[in-house]
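Mind having a look at this structure? Questions to follow.
The values are calculated or read from the model by the stated rules, or taken from the named source; none is laboratory data. These numbers come from a predicted model, not from an experiment. Positions of Cβ are generated from backbone atoms using ideal geometry, with glycine treated the same way; all protein chains shown enter the neighbour counts.
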Amino acid sequence: MSQSNQGAGLRGRRGALRWVALSFLLVCVGGMGCAEHVRYIVVGAPPPPPRAEVVVESPGGVYVWVPGHWRWRSGAYVWIAGSWRRPPHPGAAWVEPRYERRGDGWVYISGYWRS
């Protein structure tokens, strides 16, 4: 194999590894499947009080109600409505997202499924 072909193969493997790593981060950090990957966002003001929600009938016995919460997006709080969600595995419990006062700001700690 020529050096240029070896370089192309190496770049291809590195690109594939980067894609796998990025996919893992998107699932674990942006999603709700990995307790050990919790996202922290610092904002200057506390969130508004939680909204009252109507909990509709469960779609099935395995579903868990995940309450709504305030999320910081593009410089403002946005309400994320509650919904029924299926745990990733039996025995998983939903840990609600929360805000904690730290220094001069509020830190958003994302929710996640705990084993």
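Quickly run through the range 70-106 and pick out the residues that are out of contact with any strand residue (DSSP E or B) (no Cβ under 9 Å at 6 or more places or on another chain) and of a type in the set (S, T, N, Q).
Result: SER74, single match.
Give the number of residues within the range 64-97 that are touching a residue at least 12 places away in the same chain (Cβ under 8 Å), closer than 15 Å to PRO47 by Cβ and assigned to a strand (DSSP E or B).
Summing the residues that are touching a residue at least 12 places away in the same chain (Cβ under 8 Å), closer than 15 Å to PRO47 by Cβ and assigned to a strand (DSSP E or B) in the range 64-97 gives 7.
Each row is one residue, and each column tells you yes or no for (1) modelled with pLDDT of 90 or more; (2) outside the structural domain of PRO97 (by TED's automatic domain parsing); (3) farther than 14 Å from GLY111 by Cβ; (4) of a type in the set (S, T, N, Q).
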position	(1), (2), (3), (4)
ASN5	no, yes, yes, yes
ARG11	no, yes, yes, no
ARG18	no, yes, yes, no
ALA21	no, yes, yes, no
PRO49	yes, no, yes, no
TYR63	yes, no, yes, no
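Further, regarding this structure: Hey, can you tell me all the residues within the range 99-115 that are part of a strand (DSSP E or B) and either β-branched (Val, Ile, Thr) or touching a residue at least 12 places away in the same chain (Cβ under 8 Å) (or both)?
Step one: filter the range 99-115 for residues part of a strand (DSSP E or B), giving 99-102, 105-109, 112-114.
TYR99, ARG101, ARG102, GLY105, TRP106, VAL107, TYR108, ILE109, TYR112, TRP113, ARG114 - these are the residues of the range 99-115 that are part of a strand (DSSP E or B) and either β-branched (Val, Ile, Thr) or touching a residue at least 12 places away in the same chain (Cβ under 8 Å) (or both).
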